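Below you will find the structure I want to go over with you.
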Amino acid sequence: MILPGATLGVMGGGQLGRMFALEALRMGYRVVVFDPDKNSPAGQIAHQHLCAAYDDRSALDEMLQACDAITIEFENLPIDSLVYLESKGQLSPPSSAVRIAQDRLLEKNFFRDHGLATPRFHIIESDADVTAAVAETGLPAIIKTARFGYDGKGQAVCESEEAVREAFAALGGVTCILEQRIALKTEISVVLARSAAGVVTPFPLAENTHTNGILDVTVVPAAVDETLRNTALDLATRLADALAYVGVLAVELFVSEQGEVLLNEIAPRPHNSGHFTQDATITSQFGQQVRMMCDLPAGSPDLRCPVVMLNLLGDLWGDSQPDWAAVLAEPGASLHLYGKAEARAGRKMGHINFLGADTAALKAAALAFKSRLDRRKS
Ligand SMILES: Nc1ncnc2c1ncn2[C@@H]1O[C@H](COP(=O)(O)OP(=O)(O)OP(=O)(O)O)[C@@H](O)[C@H]1O
Ligand SMILES: [Mg+2]
């Protein structure tokens, strides 16, 4: 076990790295952040910031030298660097799981090979694949780049075979998958911790609403029945086991109008839809990340009270800051800001957790808040 006083490293210095670092610092660890950006949100608050390219071997050696254990905060790291860190030190999650999460095709094949339900899909590497892909998925379908997509970027909904060809060309002809478009009843996610010994500790199921492909609101407890909850937890657990996962894993799931539960994608790290845990569960997803990387027992994932998480995107900034005084005047609202200097449309700047007695009232309050913050810029 790696105990407080030791040094923990995180590859990546975005908001997830910052929230990991805050939690690790709170627990008495030293924190080193590795990120090429000298103004990164996590680098600002760490004991040490290794400001270097992710494939800089001598900086990776410095990281290994400084840290008792290393984790990651985003998946698009050079896999060679992770394999190197893993060969010389203690890295979680395993690079093998990150490799799969980096590539939708590997990911979807992994789901299929392990008998885990997922929307129908087909690879598109060239124009010649389009007809077969459409035959597999039906229409409408969604084309997605195999790599480097996030927040709905690198995707397009296609209503015809011709539209698929155009979208494939518009995406630059890079390897894509075509995916069956599911008529969604809702979207849910399971964030879980898995220890080296294979013990899985899931957080309560989260119900997520996306706007323009970006997570907008998370509600917990999710309004889903027991059968559906068990199906989701079973899928997520089988997946974590199949990956021989160690660390915090986020599993995004679709619930179709017919009530089927299907895997969408995974993130090998804490997740935006798990931010409710910072205020609403006994242990947060970042606390769990610290515990898993240090080979400590998982903390309790139990919910203290209902919660609604509202994302704050750069769109709310306009010419000035949103009305923080109003947010801070709300006793049940917990504000989290990421320390990003520049607000851009669609950029994740922070979030608010609204805590209270029932989710319907919290959701109404969160949405009212959002429109109030929004109105301010006009
Ligand atoms: N097959 C599908 N059927 C219906 N809706 C979909 C499908 N694929 C994606 N979507 C919608 O688009 C959103 C983003 O898709 P996805 O999770 O694949 O993208 P992403 O760019 O990897 O996003 P992120 O990494 O931010 O989660 C989903 O949460 C869902 O709302
Ligand atoms: Mg997603």
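In the stretch 148-193, how many residues are more than 16 Å from ligand 2 (Cβ to nearest atom), closer than 22 Å to V220 by Cβ and out of contact with any helix residue (DSSP H, G or I) (no Cβ under 9 Å at 6 or more places or on another chain)?
1
Could you pull out every one of the strands (runs of 3 or more DSSP E) wholly within the stretch 103-205 that has 3 or more residues that are of a type in the set (D, E, K, R)? First the steps, then the outcome.
On the way: elements: 121-124, 141-145, 155-158, 176-180, 184-194, 200-202.
Ranges flagged: 184-194.
List every residue pair whose Cβ atoms lie under 6 Å apart, where the two residues are 6 or more positions apart in sequence or sit on different chains, the first residue falls within the stretch 99-121 and is open to solvent by 40 Å² or more (accessible area, probe 1.4 Å), and the second residue, located anywhere, is of a type in the set (V, I, T).
Taking only residues 6 or more apart or on different chains, the pairs are R99/I79; L106/I100; R120/T137.
Going through the stretch 65-85 one residue at a time, which ones are crowded, with 17+ Cβ neighbours inside 10 Å and out of contact with any strand residue (DSSP E or B) (no Cβ under 6 Å at 6 or more places or on another chain)? Quick ask: steps written out before the conclusion?
Within the stretch 65-85, the subset crowded, with 17+ Cβ neighbours inside 10 Å is 66-75, 77, 81-82, 84-85.
Passing the criteria: F74, E75, S81, L82, Y84.
With the requirement that a residue be more than 10 Å from ligand 1 (Cβ to nearest atom) and either among the aliphatic types (A, V, I, L, M) or more than 11 Å from R194 (Cβ to Cβ) (or both), what does the stretch 236-252 give you?
Matches in the stretch 236-252: A236, R238, L239, A240, A242, L243, A244, V246, V248, L249, V251.
I'm checking my understanding of the structure. Among residues of the stretch 311-328 that are touching a residue at least 12 places away in the same chain (Cβ under 8 Å) and part of a helix (DSSP H, G or I), which one is surrounded by the fewest Cβ atoms within 10 Å (Cβ to Cβ)?
A326
Taking the stretch 178-202 only, how many residues are open to solvent by less than 60 Å² (accessible area, probe 1.4 Å) and within 25 Å of L313 (Cα to Cα)?
6
For the stretch 329-340, give me each residue that is open to solvent by 50 Å² or more (accessible area, probe 1.4 Å) and within 21 Å of Y150 (Cα to Cα).
L337
Is it the case that G13 is closer than 21 Å to I79 by Cα, part of a loop (DSSP other than H, G, I, E, B) and touching a residue at least 24 places away in the same chain (Cβ under 8 Å)?
yes
The values are calculated or read from the model by the stated rules, or taken from the named source; none is laboratory data. Since the structure is predicted, the reported quantities are computational estimates derived from the model, not experimental observations. In this analysis, Cβ positions are derived from the backbone assuming ideal geometry, glycine residues included, and neighbour counts consider all displayed protein chains. Note: accessible area is taken over every heavy atom of the protein model, side chains too, but ligands, DNA and RNA are not part of it. Shrake-Rupley method; radii C 1.70, N 1.55, O 1.52, S 1.80 Å.
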